[in-house]
Amino acid sequence: MEIALDEVPQTAVTATPRPDPSAVVERLYNDRGRELWAFGRRLALTPDECDDAVQEAHLRLWASLARGTVVDDPAAWLFRVFYRLAMDRHRLSRRVRELLQRWPGRGQASAADPAERLSVWAAADGLPPRERAAIYLHYRADMSFDRVATVMGITPGAARTHASRGVDRIRRRLTEIDEADR
């Protein structure tokens with residue numbers, strides 16, 4: 001049985017236009033740039049390192065989108081890349097410190113200001129990197145644990161665990177400081 005082509009319904013096929021990478025990156029920079037920078041400070045980056053990491057993460061997002069890579073959640077992708085850049089920076093800094101400690105006559109840095117130790121976020125700064133990141137992303141960047149997990153490259157359950165352990169450590173530290181001041 002043959003079917004004539006004029007009897008077959010024709011459907012229009014249109015390609016969904018890809019968003020302009022520059023527009024996506026600009027929107028994210030305006031919407032989440034400050035949170036990303038503050039996240040870097042909580043990850044113990046210096047202000048200059050935060051500036052560099054924010055720019056590098058946005059540049060990598062733009063390059064990825066310009067290549068045609070489909071990014072389902074650009075904000076989470078951006079935070080994940082930023083987190084990895086921060087951890088790479090810490091690894092480099094640790095290597096440099098280890099090398100400098102081998103040199104004779106090198107001293108340690110000074111202790112933190114006592115008033116700063118009373119701050120909850122200052123206490124969070126002393127947490128291990130994964131706990132600190134999970135707490136900051138969930139409570140400061142207002143991300144769900146699913147998004148936190150995507151950013152950190154872990155499961156949502158692991159993100160909850162890191163945040164829970166971090167909150168417990170902060171409570172203990174603040175209690176110890178409070179009891180020491182009495």
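The values are calculated or read from the model by the stated rules, or taken from the named source; none is laboratory data. The shown structure was predicted, so the numbers you read here are calculated from the model rather than taken from an experiment. Cβ sites come from the backbone with ideal geometry, for glycine too, and all protein chains shown count toward neighbours.
Does A122 satisfy the condition of being small (G, A, S), in contact with a helix residue (DSSP H, G or I) (Cβ under 9 Å, 6 or more places away or on another chain), at pLDDT 90 or above and surrounded by 15 or more Cβ atoms within 10 Å (Cβ to Cβ)?
No.
Kindly check whether there is at least one residue in segment 65-77 that is surrounded by 13 or more Cβ atoms within 10 Å (Cβ to Cβ), of a type outside the set (A, V, I, L, M) and in contact with a Ser or Thr (Cβ under 7 Å, 6 or more places away or on another chain).
yes
Give me the residue from segment 71-116 that is modelled with pLDDT under 65 and either touching a Lys or Arg at 6+ places or on another chain (Cβ under 8 Å) or in a helix (DSSP H, G or I) (or both) and, out of that set, nearest to P128 (Cα to Cα).
E116
Here's the yes/no breakdown for (1) exposed (fewer than 14 other Cβ atoms within 10 Å of the Cβ); (2) touching a Phe, Trp or Tyr at 6+ places or on another chain (Cβ under 8 Å); (3) at pLDDT below 90:
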{"residue": "P128", "(1), (2), (3)": "yes, no, no"}
{"residue": "E131", "(1), (2), (3)": "no, no, no"}
{"residue": "A141", "(1), (2), (3)": "no, yes, yes"}
{"residue": "I154", "(1), (2), (3)": "no, no, no"}
{"residue": "A159", "(1), (2), (3)": "no, yes, no"}
{"residue": "H162", "(1), (2), (3)": "no, no, no"}
{"residue": "I170", "(1), (2), (3)": "no, no, yes"}
{"residue": "R173", "(1), (2), (3)": "no, no, yes"}
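Looking at V167, V151 in this structure, which one is in a helix (DSSP H, G or I), outside the structural domain of D31 (by TED's automatic domain parsing), under 15 Å from P128 (Cα atoms) and β-branched (V, I, T)?
From the options V167, V151, the qualifying one is V167.
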